[in-house]
Amino acid sequence: MLSNRRCKIVATLGPSTNTEGALRNAILAGMNVARLNFSHGSHEDHLKVLNIIRKLSRELQAPVTILQDLQGPKIRVGKFKKGFIEIKSDEIVIVTIKDVLGDVGYIPSDFKEITKCVHPGHRILLDDGLLELQVLEVKVDEIKAKVIYGGILKDRKGMNLPGIPLPVESMTEKDLKDLDFGLTHGVDYVALSFVRQAKDIRKIKEIIESRKCKTKVCAKIEMLEAIENLEDIVRLSDSVMVARGDLTVEVGHSRLPGLQKRIISLCNRLGRPVITATQMLDSMIENPRPTRAEITDVANAVLDGTDAVMLSAETASGKYPFRCIRTMHEIISEVEQNEEEYYKISIEQEFLSIPAAIGASASLSALKLNAAAIVCLTTTGKTAQVISGFRPKARIIAVTDQMDVLNRLELIWGIQTLSINSYNSVEDVVGQIEQLLVDYGLVKTGDKIILTLGQPVPENAKTNALIVHQVAAEKSLSPILKIPLRCQEIQNTP
C-alpha cells in the first residue's frame, strides 16, 4: 500500500496533469504534494486545479499538500526579433537594459540594475548556465561581453549573476499578488524563491500572520548568499527546498552534491522538512524509463534523509507523468525496505519542550516495545512532525478531525494521516483509532501502539501524555467500509 512509503513525492502540475482525470491518476500513482508553479498560468487556472485537488482528496480520503511556488525576482533576457539568436564562442555581444527587441549580438535584459551590479571579469550565465558571457566593459545602459560558451538563446530565458549580491526584494509585485491569491484560497505551503537572508522569510511570515492564515513557508535554497546564511534561514523557515537548478548555476556543478547533503543534514538536525528538487527523473520527460544515474540520484536523496523528492517538468509537461510518480514510489520503497538507519534518538542531556520530550519518549518506547505504530492525536501536527524527526521504524499516524492539518502533514517524512470523527474523551478516541487501524490494515489484533495526546482531551490541550495500548479490536466485517486510498492495495496507473 502507498502508506508503507516514508519519503514523500512532490509533483509539479501543468498541461500534463491539470485535468480532473489526470489529477486523479497522479494521486492514485502516489502524489503526496501538488506543486503549483506561479511562474506559469493564471489565477483562474490555478484555482480550478486547486478546487479539483480538494474535491478528489475528499473522495479518495487521501490528504494532499498544496504547495504554491512563487516566481520570485527571476532575471530574464528579453525577446528577440526571430524568437532566438545564436551566439558563438569568442564573439563580442552587447547586453542592454533598453526596452528593445534583441537581434544578433544584441541581448536585452529585464533587470534594469544589471549595469550597477557587474564589473569587468564577472560572469553572466544564460539559460540555466548552458551559455556563458564574461563582462569586458560596463556603460550606463549596456554591457560589452565576450561569449565563453555559445549556443542558441531563446526568448525570456533565465539570466544568472553568480556570486553577485542583487539589489532586489525577495518578493516582486507579482509575488505579492500571487501570495494574496494563495492565502485567500488556503494553500498549505508557499515556497519563496531566491531567498538570500533570514529577513526574507521573516517578511513573508509577517504577511501571512497579518492575514491570520495557517499557511507554512518553504525556503528555496538556490542562491550563494543563502548558503552563507543557511542556518538562520532554516531555523526561521517551516520547510526547505534544495532547488538544484539555480543553485548549481550559482555555485557550480562540483559543489552541488556536498551542499545538497549539508542542507539535508542541517534540516534533519533542526527538525525542518526538506524537499530535494530538479531533474530527478529528467529523462522521463520524453522516455518511459529513467537512466541508471537518475535512479541512483533519487535513492541517494532518500538515504541522505530528505523528507520529499520532487518532480518538475516530468509531471508538468512530460509524456509519462503518472509513470514518473510510480517509478519514484518504487525506487523509494526499495531503498526504505533495505534502509537500517531508523531511530535517530539522542539520549544526551538536552532540554526539550514537553511535546518534543513526549515525541522522543514515544519513539524510544516504540523501539523498545517493538510497537507497530506511533499514533499522534493532534490539532496542529507539531508533535507528529517532531516524531518524524526521530525517524522511527514504527508507522507514524497522525489523526485528527481537522482536514487542513492532515493536508499540511502530507509533506513530512513518514507521517500517514487519518481523519476521525470528533471526540470527547480518551476512551472515545482510543476506541475510534483502534478500530480504524485494524480495519485499514495498518495494525493487527495484539500489536502494541504508542499514543501521544494532550489531556484534558475535551479542551484540545497541547501534547502532554503518552499511552501504551495493546490492540484488542477485531477487523470489522462491515460491507460499507470505505478504505482510504493509501491503505488500499496499489492500483495500476496509466
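One residue stands out among those in segment 399-425 that are free of Cβ contacts under 8 Å to residues at least 24 places away in the same chain and either in a helix (DSSP H, G or I) or out of contact with any strand residue (DSSP E or B) (no Cβ under 6 Å at 6 or more places or on another chain) (or both): the one that is surrounded by the most Cβ atoms within 10 Å (Cβ to Cβ), which is THR400. Would you mention how many residues in segment 382-398 are under 20 Å from GLN455 (Cα atoms) and surrounded by fewer than 24 Cβ atoms within 10 Å (Cβ to Cβ)? The number of residues fulfilling the criteria is 2. Across segment 204-235, the number of residues qualifying as out of contact with any helix residue (DSSP H, G or I) (no Cβ under 9 Å at 6 or more places or on another chain) and closer than 14 Å to LEU70 by Cα comes to 1. Residues of segment 136-180 that are hydroxyl-bearing (Ser, Thr, Tyr), part of a loop (DSSP other than H, G, I, E, B) and in contact with an Asp or Glu (Cβ under 8 Å, 6 or more places away or on another chain): SER170 alone.
Residue under question is MET284, and the condition is that it be surrounded by 22 or more Cβ atoms within 10 Å (Cβ to Cβ), within 17 Å of the chain's Cα centre (by Cα), more than 20 Å from LYS393 (Cα to Cα) and of a type in the set (A, V, I, L, M, F, W, C); does it hold? So MET284 fails the test.
So which residues in segment 230-241 are free of Cβ contacts under 8 Å to residues at least 60 places away in the same chain and either under 27 Å from MET159 (Cβ atoms) or buried (at least 21 other Cβ atoms within 10 Å of the Cβ) (or both)? Result: LEU230, ILE233, VAL234, SER237, VAL240.
Total residues in segment 248-269 satisfying the condition of being modelled with pLDDT under 95 and aliphatic (A, V, I, L, M): the figure is 2. Annotation: of all residues in segment 335-355 being assigned to a helix (DSSP H, G or I) and among the aliphatic types (A, V, I, L, M), the one that is nearest to the chain's Cα centre (by Cα) is VAL335. Within the span defined as segment 228-242, one or more residues are of a type in the set (Asp, Glu) and touching a Phe, Trp or Tyr at 6+ places or on another chain (Cβ under 8 Å).
Being small (Gly, Ala, Ser), in a loop (DSSP other than H, G, I, E, B) and over 24 Å from the mean Cα position of the chain (by Cα) holds for only one residue in GLY72, GLY121, GLY41, and it is GLY121. Being part of a helix (DSSP H, G or I), more than 30 Å from GLN279 (Cβ to Cβ) and touching a strand residue (DSSP E or B) at 6+ places or on another chain (Cβ under 9 Å) holds for only one residue in ILE332, ILE358, and it is ILE358. Is it the case that GLU209 is of a type in the set (Asp, Glu), free of Cβ contacts under 8 Å to residues at least 60 places away in the same chain and either surrounded by 23 or more Cβ atoms within 10 Å (Cβ to Cβ) or closer than 30 Å to PRO108 by Cβ (or both)? So GLU209 fails the test.
In this structure, is ASP428 charged (D, E, K, R), at pLDDT 90 or above and not in a loop (DSSP other than H, G, I, E, B)?
The answer is no for ASP428.
The values are calculated or read from the model by the stated rules, or taken from the named source; none is laboratory data. Quick caveat, the model's predicted, so the values are computed rather than measured. Reconstructed Cβ throughout: ideal geometry from the backbone, glycine too, with neighbour counts over all protein chains shown.
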